[in-house]
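Q: Below is the structure I would like to discuss, written out as structure tokens.
The values are calculated or read from the model by the stated rules, or taken from the named source; none is laboratory data. These numbers were taken from a predicted model, which means no experiment stands behind them. Counting neighbours? That spans all protein chains shown, and the Cβs are built from the backbone with ideal geometry, glycine included. Ligands, DNA and RNA are excluded from the accessible area calculation, which covers all protein heavy atoms including side chains. Shrake-Rupley method; radii C 1.70, N 1.55, O 1.52, S 1.80 Å.
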Amino acid sequence: MNKTNGKRKRMRLLLYAACALLTAGIAFSPPAADRAQAARDWGGSMWKIQGGRSFDGQSSGNWRTGIRARADGSAGDTISMGTSESVSNSISANCGISRRVLNATFRFDVSRTWSANASKSYGLSDRKKGTWWAIQYKPVYKNYKVRVRKYTFADGTWKKTARTKWITARKFDFFAYRLVRSKAPK
């Protein structure tokens with residue numbers, strides 16, 4: 001009699017555990033993983049990259065003044081600057097496309113930021129004595145673009161639409177420099 005009660009008790013606990021697991025599985029299971037449900041969950045459309053990147057020219061930032069100096073008229077007179085500047089790559093839009101896919105398509109990290117050195121020297125020995133000069137610099141970027149196409153989900157399948165657009169990305173390339181006549185500092 002004692003053995004029977006022990007078996008029943010274990011069977012009851014096992015049944016409770018099975019019911020608890022089953023209930024937990026139903027209550028906490030993720031939504032249906034089928035494509036139709038996924039499409040309904042995030043609007044029924046997505047953007048896909050069409051082809052590879054293409055070069056789209058260069059662009060640059062604004063000129064910044066690095067240093068000013070006055071020419072003293074002596075041989076070997078120079079003006080030199082050196083600075084560390086924060087630069088970054090950027091992207092116009094991502095259209096819900098993962099950063100990993102965009103990095104692979106553009107072949108560089110589209111959101112990388114780092115510190116780059118800007119340094120340059122110019123000779124002032126051929127400049128008029130007493131005149132002020134400044135070194136200016138600006139970042140220069142290479143621009144790339146890629147075409148993306150919109151797809152919509154209907155009747156259980158993804159369908160290509162006529163809607164396309166361009167995503168552009170800028171990649172830092174180098175600093176450009178120039179020597180300009182300047183006013184005396186105040």
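Q: What does the accessible area per residue of the stretch 35-142 come to in Å², with a 1.4 Å probe and no ligands, DNA or RNA counted?
A: For the stretch 35-142, the solvent-accessible area averages 58 Å² per residue.
Q: About its Cα centre, what dipole magnitude does the stretch 47-186 give when the only charges are +1 on Lys and Arg Cβ and -1 on Asp and Glu Cβ, stated in debye to the nearest 20?
A: 560
Q: Same structure again: Taking the stretch 59-171 on its own, what percent of its Cα-Cα pair distances exceed 24 Å?
A: In whole percent, the long-distance tail amounts to 52.
Q: Right, another one. Compare the peptides 156-164, 52-60 by average per-residue count of other Cβ atoms within 10 angstrom and give them in order, highest first.
A: Top of the packing list down: 52-60, 156-164.
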